[in-house]
Amino acid sequence: MISSVRGPVLSALGTTVVIEVGGVGLAVQVTPATALSSRIGTETRLSTTLIVREDSLTLYGFPSADELAVFELLVGVTGVGPKSALGVLAVLTPNQIATAVNAEDDAVFRKVSGIGPKTAKLIVLSLIGKVAVTATPAAPGRPGVATATVGASVQAALIGLGWSERVAAQAVDEILVGSTAEFDVEEAGVAAVLRLALAKLGPAQHAGTANAAERRS
């Protein structure tokens, strides 16, 4: 079992971070918030769990032990696979999950893509008594959950418009890192951040990308 990895970040795109460990690049599946907070060349440490399937070995990583613990609880719920569990943690913090479970509120889980009403109820029933609200502060410099969700939505929109995943991720990352009190990403929302990203990338570049895509079709 690989319980943790530590090393310099080789790449961070979407929900995959590649970390060099002993000269080997390990691809780790993470939440958009973790990917957005990872800096290429900077050393990082993630608590991990290896999910073994007949046709794959997939490593999932988290910056805190609390997130890993909740992830492992979620994948133990009937109908919740690793991707769905990661999706829950992409939208909700461990404290938010614990609060919802303790209040027997399955509505928050139904808002997560891929989680239906029955599965949401099963999550609550399965996790009652297993999760607790803590006073652990968020890691410094890490984007908030809502901020990361906005960033992930904007990145997906840019890719849909024809930009490559690398270019879209870089543009979103620069906006999130450069956000200030005068421009709150969470308050601005997806539309405003998307406009900023398009302005940063420039119409000429986008036109070229679109034309190239048109020629390939």
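Simple spin-label model, 7 Å along Cα-to-Cβ: residue 39 to residue 113 in nm?
So the label points at residue 39 and residue 113 sit 2.9 nm apart.
Please state, as a whole number in µm²/s, the translational diffusion coefficient that the Stokes-Einstein equation yields for the stretch 1-71 at 4 °C and 1.567 mPa s, with Rh defined as the Kirkwood radius across alpha carbon pairs. Let's see the in-between values first.
Numbers: Rh = 12.0 Å.
Reported coefficient: 108 µm²/s.
Between residue 161 and residue 2, how high is the FRET efficiency from 1/(1 + (r/R0)^6) when r is the Cβ-Cβ distance and R₀ = 45 Å? Nearest 0.05.
With R0 = 45 Å, the Cβ-Cβ based efficiency is 0.75.
From the Cα trace of the stretch 32-111, what convex hull volume per residue do you get, rounded to a whole Å³?
On the way: hull volume 8.5 nm³, N = 80.
Taking the convex hull of the Cα positions in the stretch 32-111, it is 106 Å³ per residue.
Going by amide H atoms built from the backbone, whose H comes under 5 Å of the H on residue 11, apart from near neighbours?
The answer is 18.
Just the accessible area per residue of the stretch 1-134, please: how many Å² with a 1.4 Å probe?
Details: 6690 Å² over 134 residues.
On a per-residue basis, 50 Å².
If you roll a 1.4 angstrom probe over the protein chains with everything in place, what fraction of the accessible area of the stretch 41-131 belongs to carbon and sulfur, to the nearest %?
In the stretch 41-131, the share of accessible area belonging to carbon and sulfur is 52 percent.
Could you tell me the relative contact order of the stretch 4-64? Use alpha-carbon pairs under 8 Å, at least six residues apart, and round to a whole percent.
Details: 135 pairs, mean separation 21.0, N = 61.
Averaging sequence separation for qualifying contacts and normalising by length gives 34 percent for the stretch 4-64.
The values are calculated or read from the model by the stated rules, or taken from the named source; none is laboratory data. Keep in mind that this is a model prediction, so the values were computed, not measured. Because the Cβ atoms are built from the backbone with ideal geometry, glycine has one as well, and the counts that use them run over all protein chains shown. What goes into the accessible areas is simple: the full protein's heavy atoms, side chains included, and nothing from ligands, DNA or RNA. Shrake-Rupley method; radii C 1.70, N 1.55, O 1.52, S 1.80 Å.
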